[in-house]
Amino acid sequence: MARTAQAPAPAIAPEPKAPDFIAWHVSNRGDKAFWTKVGAAWFHRDRKGLSLQLEVVPINGRIVLRTPLDDEGKEGQPGA
């Protein structure tokens with residue numbers, strides 16, 4: 001029996017999907033809170049869970065997931 005040839009994978013990869021949430025490390029509380037962007041999260045296809053990708057793992061404070069802002073490039077405190 002002869003094998004059927006499969007078409008090679010396309011050379012152009014699909015564009016990555018924009019994250020549904022931005023992960024922020026928040027240290028301290030209140031007016032002295034300091035927010036640092038540490039990763040992003042995407043909904044699963046069935047929207048029953050999230051995939052979280054962290055660039056760094058903080059050892060203290062907390063991680064907050066927030067929807068991206070239009071001016072995502074702007075670092076700083078996105079809100080409480």
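The values are calculated or read from the model by the stated rules, or taken from the named source; none is laboratory data. It should be emphasised that the depicted structure is a prediction, and the values quoted were computed from it without experimental measurement. Every residue, glycine as well, gets a Cβ built from its backbone with ideal geometry; the counts of neighbours run over all protein chains shown.
Restricting attention to the stretch 61-79, the residues that are surrounded by fewer than 11 Cβ atoms within 10 Å (Cβ to Cβ), modelled with pLDDT under 90 and out of contact with any Lys or Arg (no Cβ under 9 Å at 6 or more places or on another chain) total 5.
When Val64, Val26, Val38, Val57 are screened for being in contact with a strand residue (DSSP E or B) (Cβ under 9 Å, 6 or more places away or on another chain) and in a loop (DSSP other than H, G, I, E, B), only Val57 passes. Annotation: Asp46 fulfils all but one of (1) exposed (fewer than 10 other Cβ atoms within 10 Å of the Cβ); (2) over 16 Å from Pro68 (Cβ atoms); (3) modelled with pLDDT under 90; the unmet one is (3).
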